[in-house]
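Laboratory data are not the source of any read-out in this text; all were calculated from the coordinates shown. Bear in mind the structure is a predicted one, so any value in this text is a computation, not a measurement. Quick reminder, even Gly has a Cβ in these numbers, built from the backbone with ideal geometry, and neighbours come from all protein chains shown.
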Amino acid sequence: MKVILLKDTDGKGQETLFQNAIVEELHKRQLSEEWKVVRMADMGIYYKGVAVKILPYDFVYTNLSVDDIGMIIDKSVKAGEPIEDKLYSVKDKQFKIVLRNCGIINPEDIESYFEQGGYQGLKKVLFDYTPEESLAELKLSGLRGRGGGGFPVWMKWSFTRKETSDEKYVICNGDEGDPGAYMDRSVLEGDPHSVLEGMLIAGFLAGANKGFFYIRAEYPLAIQRVQKAIDDATKYGLLGEDILGSGFSFSVEIRLGAGAFVCGEETALIASVEGKRGSPSPRPPYPSVKGLWGKPTVINNVETLANIPVIFSKGGKWFSQIGSAESKGTKVFALTGKIKNSGLVEVPMGITLREIIYDIGGGVLNDNNIKAVQTGGPSGGVISKEYLDTPVDYENLQKLGSIMGSGGMIVIDENDCMVDLAKFYMNFCVDESCGRCAPCRIGTTQMFEYLDSISKGIATEEDISKLKNIAVAVKKTSLCGLGQTAPNPVLSTLRYFEEEYMEHIKDKKCRAGKCKDLLEYSIIQNKCRKCGLCFRNCPVSAISGNNKDGYVINPELCIKCGNCFEVCKFDAIFRG
């Protein structure tokens, strides 16, 4: 398929103008039947005007005018030659495998997926290899589970394959619960057939004949498109009995999750699929041996399964050449927080945090100084700015006290408070704990209470030691991954920013101005212009005065909401 991808990277809405110009030039040269023009949601390029990417040549041009279109069509589209002075000069550090089709294909049209080589990986597995050869190819690829644990995929599937059972299952875990994460949602909405094909291959190699998509009920479009993919694949003989005449039969259903964070854990997810309360069970036995309804079960997340078709269509060796020594392939991150260009990015394993934040994300919002990066969601940890040149892979992030997780990456600047950040995530874990085991149920609550007292300036230095001890105990003794990783935000912020904790305790000060119990507001009289904005915007009438004599804040009435600080245009409100 020959495609011209189009994006206005400045966001000025010029796509329609350029699309019409490209279509007109293609028509003039009788190339309309051969080439397709597609407007992309994201190219990973920002503030470079209108950008065009020519596939399959991979020529990328930026800062284009409509007058450039004819030349691009003649030289690059028709002749397949680059225009050197128009080429995108900065190497694109993204490498898209999981997101390869998102924004290119019509996710509700199976024919569109076929045009991009869809289901060719399945055909190779069914007809060109034995199951043992396919598992060897998967082992060669080095693919590890992208749900957070990083367990080798070939090994998990092999465990299930070796089990003797009258029934085996495959589950796609689409229950991403991290705040700010939307990787799985985007893939299910933008390329559902790649995940379905990965599930079919998993079923065949593990010896399973039944699959379940477990998707958050809050993702209605993803649910709709996955169901459409299931229906279309069934019509084309890619699901159901005797698939493509291979003798392999496989059926798929959708199960809806209620948004419980703990259901991202395998055993809790299984309980939910069975119609029970979603709470974890002790392991072993692991689901690959005894899972859904007591039968051997393969569970992989959306991103893991989306990699599978490419591995078998391009080969395990090809995949293994991408990434780092221990972590092969790419990783999709939801890049958010204090970043200029937030969004989904897919990068080779081994790229540094600095490259992701500055080369792809465009740097810190408002050009502020970066303070840290938080990876892995509520189960992850913060990494201070001194480690921005760390390669991103499973091992390096764990050494720094964080985890890869499912792919959240939040940029933190100097206006963020680390105590407040740890408190936010701990409050989330308290709410999401299923309550089944005492270490998590009680320990997370205790940690939150200590963090709360620190943020209010009423804690003691001894409380820091108590907080660390509880965090370590919860980490070592909790039943499932939620409790075992819940202390990570606390331990990592204490590791890199303990002096900030001590400021709250000793100096009763929050340097970022986020812990409102430690703040005092007053009006700097020689800066005040007596405009009355603070007076009119105070919700509790804590500010008195007039535009002749000036204004003052009554500290006993002030609720420290910060309204006066936000509305003052003359930096006349002191907060500290």
| note | Note on region 2-86, DSSP bridge orientation, antiparallel percent to nearest 5 equals 65 percent
| said: Straight-line reach only, C-alpha to C-alpha below 19 angstrom: list the aspartates and glutamates that K162 could link to, leaving out same-chain residues fewer than 8 apart. | reply: E132, E133, E137
| remark: One would report the antiparallel percent of DSSP beta bridges in region 324-461, rounded to the nearest 5, as 80 percent
| So how do D184, D85, D517 line up by other beta-carbon neighbours within 10 Å, fewest first? | D85, D517, D184
| remark: Labelled set [x] 51.0; [y] 30.4; [z] 27.9; mean projected area of the Cα convex hull in nm² computed from this model equals the value at [y]
| Using the count of nearby Cβ atoms within 10 Å as a rough guide to exposure, how do R511, R185 rank from fewest to most? | R511, R185
| task | Please work out the C-alpha center-to-center distance from region 19-55 to region 273-321 and express it in whole Å. | result | 38 Å
| query | Antiparallel as a % of all DSSP beta bridges within the chain, to the nearest 5? | reply | 60 percent
| said: Using only DSSP helix segments of four residues or longer, with each worth -39500 (n - 2.57), what per-residue ellipticity at 222 nm results for the chain after dividing by its residue count and rounding to 500? | reply: -10500 deg cm²/dmol
| said: Between region 443-512 and region 201-253, how far is it from one alpha carbon centroid to the other, in angstrom? | reply: 45 Å
| Is region 1-62 best put as rounded, prolate or oblate by its Cα gyration tensor, with a ≥ b ≥ c the root eigenvalues, rounded for a/c under 1.5, and otherwise prolate when a/b is larger than b/c, oblate when not? | oblate
| request: Order these peptides, 109-120, 144-155, 168-179, by their mean beta-carbon neighbour count within 10 angstrom, highest first. | output: 168-179, 144-155, 109-120
| field | Cross-link reach list, lysines versus K516, counting only Cα pairs under 22 Å and skipping chain neighbours closer than eight places | value | K338, K371, K423, K456, K506, K508, K560, K569
| Got a sec? How would D549, D10 order by Cβ neighbour count within 10 Å, fewest to most? | D549, D10
